[in-house]
């Protein structure tokens, strides 16, 4: 007698169940694809933002490092006000110079139009083309923003149209062309107090070259530079009327200037300098390019700003607001630089 065994039915998915599962899997894959795409876009945006402002960051670090070395050879000398041969006291003097000024005072050249603020000083930076091993040689150095072409800075083999951009410029003559040693010749010859007010214009009386030939661009698309010498930190600044900089309420400062009650500040480098730089991206610079003319949309961004140090925070916010209104990606660099050689005394 045969025994017939019955096989159990095999469990399987129905067609409806397979379709539902495939639909859910498709939705999950779509969501994962969208998520990965968003992450990739965010990464690319962050990477491009870092790279486009990398040049500005490096230039800002170089500038603030050199400003921190600004020096004056300040000393006390005898004064004889009544010219009777008997000293009447002492006065503070120096053969060097530190100045923060409105950049337009430099005057426009055929290739560059200065904007914003400029800072010029002397520092032991050791830059020389003839004396390579003397690392403590004094150099004149300066920084300001200018709008102009890149014609003079391009290699001769590069054949391309001129690029007109805002640039952070560095005035960098070698030590053997330090004009400060010649500026004031007439005063020295007459025995009068020396005034070094034009050394950064770099005339031809010392070394080689002139002001224009010692300029080099540090970074492109730098919209403005604001420099505020200060004698204290911002803490307690509200007690100083409407300014946080007692020595430079209007940002400008001249170590030779003893007028207007500034005798106590004369022939000194300030202990602190607030340096602020605004950089924009290349896409915006290209979008607003106006040939050899300064783009009016970008020129208006800093109109009326950085004139009073008491409104510094407001001015920084206003710059960002104006740039955001015209949809310009930008970054504001700011640092409080300690001048190590300062022996501030009033």
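Okay, here's what the table says:
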item: Meets criteria (modelled with pLDDT of 80 or more and either outside the structural domain of residue 285 (by TED's automatic domain parsing) or over 46 Å from the mean Cα position of the chain (by Cα) (or both)) for residue 61; result: no
item: Selection count, segment 152-178, where residues are over 22 Å from the mean Cα position of the chain (by Cα) and either touching a residue at least 12 places away in the same chain (Cβ under 8 Å) or part of a strand (DSSP E or B) (or both); result: 5
item: Odd one out for residue 260, checked against (1) touching a helix residue (DSSP H, G or I) at 6+ places or on another chain (Cβ under 6 Å); (2) assigned to a loop (DSSP other than H, G, I, E, B); result: (1)
item: Residues of segment 140-162 classified as within 22 Å of residue 62 (Cβ to Cβ) and modelled with pLDDT of 80 or more, total; result: 12
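The values are calculated or read from the model by the stated rules, or taken from the named source; none is laboratory data. Worth saying up front: this structure is predicted, and the values here are computed from it rather than measured. As a convention, Cβ positions derive from the backbone with ideal geometry for all residues, glycine included, and neighbour counts pool all protein chains shown.
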